[in-house]
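Bear in mind these aren't lab numbers, they're just calculated from the coordinates by the rules spelled out. Values in this document were obtained by computation on a predicted structure and should not be read as measured data. Neighbour counts run over all protein chains shown; Cβ positions are idealised from the backbone, glycine included.
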Amino acid sequence: MADKVIDARVSFCPGPLMELIAAMKSNPVGTTIEILSTDKGSAKDIPEWLKKVGQEFVGVEERDGYWSIVAKKIK
Amino acid sequence: MAKHVVIVGGGVAGTIIANLLARGLKEELSKAEVVITMISKDDKHVYQPGFLYVLFDKMRPDELVRDQKSLLSPSIIFHHDTVVGIDPKACEVHTEKGKKFKYDYLVVTTGSRPMPELIPGLKEHGNMFYTLESAIELREKLRKFEKGRIAISMGVPHKCPVAPFEVTFMLDDYFNKKGIRDKVEIMYTYPIGRIHSLEPVAQWGVPEFERRGIKYETLFNMEKVEATKDGIVVHSAEGSSVECDLLITIPPHRGAQAIMDSGISNDGWIPTNRHSLKYEGYENVYVAGDTTNLPISKAGSTAHFESDVVADNLIAEIKEGHPARDYDGKVMCFIETGFDKGTYIHFNYTTPPSPMPPSKMIHWLKLGYNRMYWLTARGVL
Ligand SMILES: Cc1cc2nc3c(=O)[nH]c(=O)nc-3n(C[C@H](O)[C@H](O)[C@H](O)COP(=O)(O)OP(=O)(O)OC[C@H]3O[C@@H](n4cnc5c(N)ncnc54)[C@H](O)[C@@H]3O)c2cc1C
């Protein structure tokens with residue numbers, strides 16, 4: 001279970017990525033953050049973004065019509 | 001008892017809806033069974049797509065402005081005032097001038113606002129073109145620009161999804177025509193992992209950027225802008241930075257302050273049903289244009305297509321007691337690919353866009369539309 005779940009399923013691209021950026025800033029190191037998104041682009045963008053900023057990409061899973069993307073703040 | 005329709009906002013959506021209602025409810029209006037009131041904070045109506053043409057000296061600023069009242073059917077009551085609060089439970093809106101308007105039906109079309117102040121330093125050191133004044137200011141800077149690096153940095157969300165490409169391509173043509181393109185470097189940054197939010201448009205754009213020698217960085221979210229002795233530095237949340245001599249930006253947008261202050265949402269977008277275009281949970285409140293939270297482009301064409309649906313549905317509700325049809329997410333945008341060619345995209349909730357090869361014909365169509373917009377606002381076209 002993630003420490004924090006952000007339901008970005010109603011927000012439009014690039015909303016989910018923006019929500020994650022905000023959550024990365026406001027949560028302490030060690031927090032796992034799960035983002036729910038109906039936007040397919042996020043499933044690709046979020047891992048790329050995590051790589052660019054050097055934060056951990058835990059995993060992505062396609063569920064019933066949406067994606068769950070989990071990240072961890074490591075620094 | 002007369003039915004009161006209150007429209008908040010006199011931009012693209014508000015004006016089209018008001019005029020379509022005036023036509024569709026002509027009889028009801030003449031018998032005073034229906035009263036239509038518009039409240040708008042501006043008494044001038046500005047054709048915003050024209051800002052790009054002002055920027056490159058292709059249109060004069062006064063061509064873009066009309067008196068709001070001159071665009072409205074005479075049967076519409078116009079108040080030049082700013083709404084400061086919306087109370088959907090009590091069915092009333094409150095204005096800056098201290099007035100209270102009760103409604104049977106409310107239509108919210110308050111648009112979106114570019115907010116450079118959301119990023120430290122952006123307002124002070126960046127130049128935008130999303131208002132008439134800022135476009136004129138940037139035009140003067142471009143006139144004097146002879147060599148160096150121009151960064152074009154986008155914040156999201158913003159209205160007119162194709163403007164980042166248009167301004168970039170036009171800038172390339174502008175310096176080519178001046179014969180100094182080899183002295184000007186153009187660097188484009190975009191917040192997500194590709195150069196445009198619409199994937200097919202991004203794919204089409206990459207070879208076009210490469211052909212024109214436009215550099216780019218994706219996953220670049222502006223965090224802070226500083227002036228140094230050598231120029232301007234844009235820092236990203238990702239840790240990278242871009243140095244430039246001139247920063248052109250489309251800042252992140254928010255909806256109207258009144259929507260935030262009324263507790264409807266934190267960012268000013270109204271939770272809107274994607275098909276009925278009603279404010280979720282309120283049967284008598286319609287929303288159209290940039291201020292919806294719908295996952296589609298914030299564009300004049302979106303506002304126009306939504307307005308057709310909202311007006312039809314309101315007319316049907318008032319005359320027959322139920323709405324007439326659903327909105328299908330239709331959007332259509334011209335894309336200027338420089339000074340003499342253009343293309344277009346159209347899409348809806350289920351069909352993605354697919355840009356056509358640019359042509360002179362589409363560019364002329366866009367120039368034609370720039371003059372015909374006033375007919376759209378009057379609900380004629
Ligand atoms: C540079 C630029 C280029 C563009 N190019 C294109 C293009 O090529 N194609 C395209 O389709 N779209 C384009 N657009 C986007 C288009 O202009 C907008 O999407 C469109 O105007 C949205 O319509 P709207 O009615 O939602 O909002 P607006 O037209 O912005 O109108 C909002 C209205 O609400 C009023 N208002 C706001 N707050 C309040 C309040 N609290 N109380 C009362 N009144 C209020 C304002 O005064 C205004 O009258 C462009 C925009 C820009 C800036």
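Brief remarks follow.
- The C-alpha atoms of chain B define a longest principal axis, and helix B:12-24 lies at about 30 degrees to it.
- Residue-averaged 222 nm ellipticity for the protein assembly as shown, from DSSP H runs of 4+ at -39500 (n - 2.57), nearest 500: -9500 deg cm²/dmol
- Put simply, when B:144-154, B:278-288 are sorted by average Cβ atoms within 10 angstrom per residue, most first, you get B:278-288, B:144-154.
- DSSP bridge pairs, chain B: antiparallel proportion in percent, nearest 5: 50
- Helix B:163-178 vs. chain B, principal-axis angle (Cα, 0 to 90°, nearest 10): 40
- Interchain or long-range residues, amide H under 5 Å from B:Ile270's placed H: B:Thr292, B:Asn293
- Using the Cβ of B:Tyr47 as centre and a radius below 10 Å, the other residues enclosed give a net charge of +1, where K and R count +1 and D and E count -1.
- Shape call, chain A: gyration tensor on alpha carbons, a/c limit 1.5: prolate
- The phi-based Karplus calculation (6.51 cos²θ - 1.76 cosθ + 1.60; θ = phi - 60°) puts the 3J(HN,Hα) values of the range B:60-73 at 8, x, 5, 6, 9, 10, 9, 5, 4, 5, 5, 8, 9, 4 Hz, whole numbers, x for Gly and Pro.
- The range B:300-340, relative contact order [Cα under 8 Å, separation at least 6], %: 41
- A straight Cα-to-Cα reach below 17 Å connects B:Lys178 with the aspartates and glutamates B:Asp57, B:Glu140, B:Glu146, B:Asp340, residues fewer than 8 places away in its own chain not being considered.
- Projecting label points 7 angstrom from Cα along Cα→Cβ for B:Ser241 and B:Asp62 puts them 4.5 nm apart.
- Between helix B:300-320 and chain B: long-axis angle, C-alpha atoms, 0 to 90°, nearest 10: 10
- Around the Cα centre of chain B, unit charges on the Cβ atoms of Lys, Arg, Asp and Glu (plus for the first two, minus for the last two) sum to a dipole of about 820 debye.
- Global form of chain B, assessed from the alpha-carbon gyration tensor, a/c cut-off 1.5: prolate
- Listed by chain and number, the lysines whose alpha-carbon sits under 26 Å from that of B:Lys31, ignoring those within fewer than 8 places in the same chain, are B:Lys3, B:Lys69, B:Lys99, B:Lys100, B:Lys102, B:Lys319.
- In a simple Cβ point-charge model (Lys, Arg +1; Asp, Glu -1; nothing else charged), the protein assembly as shown has a dipole of about 860 debye relative to its Cα centre.
- Selection among B:Thr82, B:Ala227, B:Phe51 by position relative to the dipole of chain B gives B:Phe51 as farthest towards the positive end (Cβ unit charges, Cα centre).
- Calculated from backbone phi, Karplus (6.51, -1.76, 1.60) coupling profile of the range B:148-160 in Hz, x at Gly/Pro: x, 10, 10, 9, 10, 10, 9, x, 10, x, 9, 6, 6
- Across the range B:115-252, Cα pairs under 8 Å and at least six residues apart give a relative contact order of 36 percent.
- Each label was represented as a point 7 Å from its Cα along the Cα-to-Cβ direction; for B:Asp43 and A:Glu62 these points are 5.7 nm apart.
- Net charge of Cβ neighbours under 13 Å - reference B:Ala32; Lys, Arg +1; Asp, Glu -1: 0
- Antiparallel bridges, percent of DSSP beta bridges restricted to the protein assembly as shown (to nearest 5): 55
- With contacts taken as Cα pairs under 8 Å and at least 6 residues apart, chain B reaches a relative contact order of 19 percent.
- Cβ-Cβ FRET estimate between A:Asn27 and B:Arg211, R0 fixed at 45 Å, reported to 0.05: 0.60
- Anisotropy class of the range B:115-252 from Cα gyration tensor, a/c 1.5 cut: rounded
- Förster-model FRET efficiency, 35 Å R0, B:Lys69 and A:Lys75, C-beta, rounded to 0.05: 0.05
- Relative to the Cα centre, the charge distribution of chain A, modelled as +1 at Lys and Arg Cβ and -1 at Asp and Glu Cβ, gives a dipole magnitude of about 320 debye.
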